[in-house]
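The structure appears right after this line, and notes come after that.
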Amino acid sequence: QVQLVESGGGLVQTGGSLRISCEASGHTGDMYSMAWFRQVPGKEREFVAAVSGAGKIYFTDSLKGRFTISRKTGEATVFLHMSSLGPEGTDVYYCATHCDAWGPAPDCHNWGRGTQVTVAS
């Protein structure tokens with residue numbers, strides 16, 4: 001079982017940047033993929049980005065260029081750096097691992113509790 005804790009969310013102005021983090025504990029011996037999702041109330045969680053244990057990166061097309069994902073080498077910590085944020089970036093961001101599917105209906109075995117990002121207009 002993997003425990004995931006997100007951090008770094010908060011309030012940011014439109015056009016600003018923010019970096020959120022996710023740290024895994026528990027079964028961290030294998031270098032598995034770690035992924036970010038986001039969700040607004042009443043909607044399905046949406047895939048944002050993922051990085052594999054080998055460092056391969058996957059992104060949802062609409063966020064390429066504004067969001068980046070990175071991972072500490074050899075560690076189960078992943079970062080999501082978000083820039084040029086607009087009000088549509090107001091979401092709860094979740095970290096997940098061991099996903100059988102990223103979308104349209106995410107299917108992951110381990111989820112964090114999420115971190116709220118609010119973009120003020």
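The values are calculated or read from the model by the stated rules, or taken from the named source; none is laboratory data. All figures in this text were calculated on a predicted structure; none of them were measured in a lab. Cβ coordinates were reconstructed from backbone atoms using ideal geometry, including for glycine residues, and neighbour counts include every protein chain displayed. These area figures cover heavy atoms from the full protein model, side chains too; ligands, DNA and RNA do not enter into them. Shrake-Rupley method; radii C 1.70, N 1.55, O 1.52, S 1.80 Å.
When you restrict to C-alpha pairs under 8 Å that are six or more residues apart and normalise by the size of the chain, the relative contact order lands at 35 percent. Heavy-atom surface analysis with a 1.4 Å probe gives the stretch 24-112 a carbon and sulfur content of 50 percent of its accessible area.
Once the convex hull of all Cα atoms in the stretch 1-59 is built, its volume per residue stands at 118 Å³. Annotation: Cα Rg of the chain relative to the compact-globule expectation 2.2 N^0.38 Å equals 0.98.
All other residues whose Cβ lies under 14 angstrom from that of Ala35 are scored, Lys and Arg at +1 and Asp and Glu at -1, for a net of 0.
Around Lys72, under 14 Å between beta carbons, what's the net of Lys plus Arg minus Asp minus Glu among the other residues? Local net charge: 0.
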